[in-house]
Structure formats: C-alpha cells, structure tokens
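Undergrad: This is the structure I have questions about; it appears just below.
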Amino acid sequence: MSGGPSVCVAGIGAVGGTVAAMLARAGADVSVVARGATLAALRADGLTLREGGASFTCRPRAAEQASGPARDLVILAVKSHQLGAVLPAVAPVIGPDTLVLPIVNGVPWWMTLPGPDGVKSAYPGAANLSAANPCIANPCAAAGPIVDPGGVLAGGIAPSAILGCVAYVFSTMPQPGVALCARQPRLVLGVAEAGASAGYSTGPAMAAVMDLLRAAGILVEHSADIRSAVWDKVVANLATNPLSVVCEAPLGQLGTDEQTRALIAAVAREGQQVGAACGLHPALAPEHLLDMVAAAGGHDTSMLQDYRGRRPLELAAIGDSVIALARVHGIAVPVTQTLVRLARFKSTADREK
Ligand SMILES: NC(=O)C1=CN([C@@H]2O[C@H](COP(=O)(O)OP(=O)(O)OC[C@H]3O[C@@H](n4cnc5c(N)ncnc54)[C@H](OP(=O)(O)O)[C@@H]3O)[C@@H](O)[C@H]2O)C=CC1
Ligand SMILES: CC(C)(CO)C(=O)C(=O)O
C-alpha cells in the first residue's frame, strides 16, 4: 500500500458504516457499496457516525456496484450469509495487490479446519483451492458448505489476499446512513491462509492495513494464531447471540441474570470443546466471557438487531457451522442446538406472521 490508501467498504450497516466513516475521517480515500434505502440516504445526506456526544458526516462515493481502479483494501462488512451476493459488487475493484478484510462474525469461509481424519472432504472450493494453493490441504470440510454454499467465496477471493479478522464492535444503525458506535471498535488481525509459512507475504501489507485502521481510531491487535482468536469470538457469539434473540434481552442483562449466565457458560464450554477438537487453542475462559457480557450493558447483539428488524438471522455461520463440526468430531452440543433451534423457530415464525 503506497501513497493515500484507497478503501472500498461493502455493506454500510452498523459495522461498515462505523468503519467507513472512521476511515474517511482519517483521510482515507473511501468508497462504499450499498443498496436500497441506505444507498439513497448516503446519496442524499452522506454517511454520519455518532459516537459519544460527537457526530461526523462524510460523503464517500456510493454505488450498488464498485467501479474504477483496484483498491488497496476491500472491507466486507455484511452478514455472513450476504457475502456471496455482495462479492460480484466488489470483484471489479479487487486487483492482484488488493487485500480483503472481512469484518464478519461466525466461522469464516477461509478457515482451514481438519476433520477427525485430517483429510479434506467434499468442500465445494476444495479442488480449486488445493490446485491454486497447495497449503490449503484441509479446508473446513464440515462447515465450508454452510458458510460458503457453492464455494463462491473460496473460488472468488485468493486465499493469499485475505486478512483474518475478529471484530469486537458495538455498533448499530438506527436509521439508514447513520451509524451509532457505543465504544471504540477493536479488531484482531492475522494472516488468514494456511500458507504464511510457505512464502505468502501478507505480513508487510497487513502491517500497513493495521496502521491505517489505527490512524482511524480503531484499536487493532495482531494475532499470530488468528484461527484460535476467531474461535474465541465464534464461541462468544454462539453463547450470546441466539440467546439474546430467545430472551429478547441486551447483553448486560444476559450477563447478570443467573439463569442466562448458566446457559452462556454451558454453550461456551460446548463451543470450546469443538474448537479444541478442531486443533484450535481457544483462550477465552467462560468466566471472562461472562464478565465481558455483563459489562456490555444495554447493547443488543447484531442478531437481536436483525430479529427486531425482522431480517434473517446469521445462524448458519454462528450456529449451524459449529454444530456441523461438533457432529464430525462426535461431540454432543445439546444446549447449543436447543438455543439455535429456538432462535431459528422464533425468527422464522415471527417473519411468517
Ligand atoms: N453490529 C455489531 O456491533 C457487530 C457486528 N458484527 C458482525 O459484523 C458483520 C456486519 O454486521 P452489521 O454491520 O451489524 O450488519 P448490518 O445488517 O447492520 O449491515 C449489513 C449491511 O450490508 C448491506 N448489504 C448486504 N448485502 C448487500 C449487497 N449485496 N449490496 C449492498 N449492500 C448489502 C445491508 O443492506 P440491507 O439493509 O439492504 O440488507 C446492510 O446495510 C456481521 O457478520 C455481524 O455479525 C461483529 C461485531 C459487532
Ligand atoms: C457481541 C458483539 C456485540 C461483540 O462485538 C457482536 O459480535 C455482535 O453483536 O454480534
């Protein structure tokens, strides 16, 4: 990345709106991909970020389809199940030197996870990936088809371009084009693909992205084991997001009530067992997770925001993928399954009314 970095942010909701505005405020050349009411609001009134008592408005170039020269950085900030559909809108600005930063919850499509036999199985992108990149020996066999149906993402984004990312963000979008950020966003970044040790050179470019994000006011950490860092966040979301929908309660309430604390701890333990069986090293102790949840106060999880907005829930990447991996490894996850089922029932039943 040289000169002024150019960034395209796809998905201007709570997270994309926050990050795009922070980058624009720091002087980056920001363009955005948006649609519908959000696109109309961006064109009419620009993008506004509210944090603390402050408000900042910028006017990034906004379109349904990105165009122009390849960008230094493309940020994907849509729900996991929306990634496949948004990819064609940003593909024209992903060049050979573009880095792609997905700020997305759940088990990521790029994550390599061996099955119990350590052998790759029928993951749709597996054949292509392995031919293009011999380092990807064991794509996430059980979760791949769930988080990347048809292998669209695996086939469309070079593994070496992807920056692994874990997002600790507390944002909402109360009206189209207006992002509300409750506390300073924190991102953990790491080389996503399995081939770091085999000559991929995302290191210096990743450092430039980290500097850019820091200059924008985001807390940025590096993880040498991004897959385990991702798993900690998967577990946190698994333990709180479906439960937040079932209870229709903000995080702080879930983290202080004895009944819901017991459920959070039970799901966290199940999720950690699955991660450990996948060869990961989850480090987030259930007690620490409970403290974090209790400290989150009145914030609604992104899944509860979707439920309240009558939008589909991100249950595939956050719930189904973990349940599928548990099945492959022969691990029982009864509390997780129950909460995922209840959240799905509740959201589907409500949307059908
Ligand atoms: N909100 C939060 O605080 C946190 C969220 N996350 C994760 O970050 C990711 C993004 O979440 P969040 O920002 O909350 O989600 P939002 O639903 O608020 O934002 C997603 C945005 O992407 C847009 N979008 C989706 N598909 C397309 C498309 N094809 N073309 C153009 N725009 C599109 C949506 O538009 P439309 O409204 O038209 O569908 C929406 O504006 C998720 O994985 C979430 O779990 C992680 C940490 C915290
Ligand atoms: C729990 C939280 C807010 C943490 O960043 C999150 O990831 C979400 O809302 O989905």
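Undergrad: All other residues with a Cβ under 15 Å from the Cβ of A283 taken together, and with Lys, Arg as +1 and Asp, Glu as -1, what is their net charge?
TA: -2
Undergrad: With every protein chain kept in place and ligands, DNA and RNA left out, what is the accessible area per residue of the chain? Probe 1.4 Å, answer in Å².
TA: Per-residue accessible area for the chain comes out at 40 Å².
Undergrad: Rounded to the nearest percent, how much of the accessible area of the range 227-352 (1.4 Å probe, protein heavy atoms only) is carbon and sulfur?
TA: So the carbon and sulfur contribution to the accessible surface is 54 percent.
Undergrad: Separate question: With Cβ to Cβ distances under 15 Å as the rule, what net charge do the other residues near L219 carry (K, R +1; D, E -1)?
TA: Overall, the nearby charge balance is +1.
Undergrad: Let me ask another. Helix by helix through the chain, keep the DSSP H runs that span 30 Å or more along the axis on Cα and average at least -1.0 on Kyte-Doolittle, and give those back in order.
TA: Counting only whole DSSP H runs, the qualifying helices are 226-247.
Undergrad: Expressed as a rounded percentage, what relative contact order does the chain have, with Cα pairs under 8 Å and six or more residues apart?
TA: Worked out over the chain, it gives 17 percent.
Undergrad: Ok, one more. Defining a contact as two alpha carbons under 8 Å apart and six or more residues distant in sequence, what relative contact order in percent does the range 227-352 show?
TA: After rounding, I find 36 percent.
Undergrad: Mind computing the radius of gyration and Dmax over the alpha-carbon atoms of the range 227-352? Å is fine for both.
TA: 13.6, 40
Undergrad: Modelled label-to-label distance, D97 and H288, 7 Å Cα→beta-carbon offset: nm?
TA: 3.8
Undergrad: Now for a different question. Work out which GluC sites (Glu not before Pro) in the chain are exposed loop sites (DSSP not H, G, I, E or B, at most 12 other Cβ within 10 Å) and give the longest gap free of them.
TA: 65-247
Undergrad: Still on this structure, please answer the following. For A10, what is the net charge nearby, where nearby means another residue's Cβ is under 14 Å from its Cβ and Lys, Arg count +1, Asp, Glu -1?
TA: My count for the surroundings of A10 gives +3.
Undergrad: Related question: With each label point set 7 Å from Cα along the Cα-Cβ vector, what nm distance links D350 and R61?
TA: In this crude spin-label approximation the distance works out to 3.9 nm.
The values are calculated or read from the model by the stated rules, or taken from the named source; none is laboratory data. In this text the structure is predicted, and so the values were computed from the model without any measurement. Ideal geometry is used to build each Cβ from the backbone, glycine not excepted, and the neighbour counts take in all protein chains shown. The protein model used for the area step is the full one, side chains on, heavy atoms only, and it has no ligands, DNA or RNA in it. Shrake-Rupley method; radii C 1.70, N 1.55, O 1.52, S 1.80 Å.
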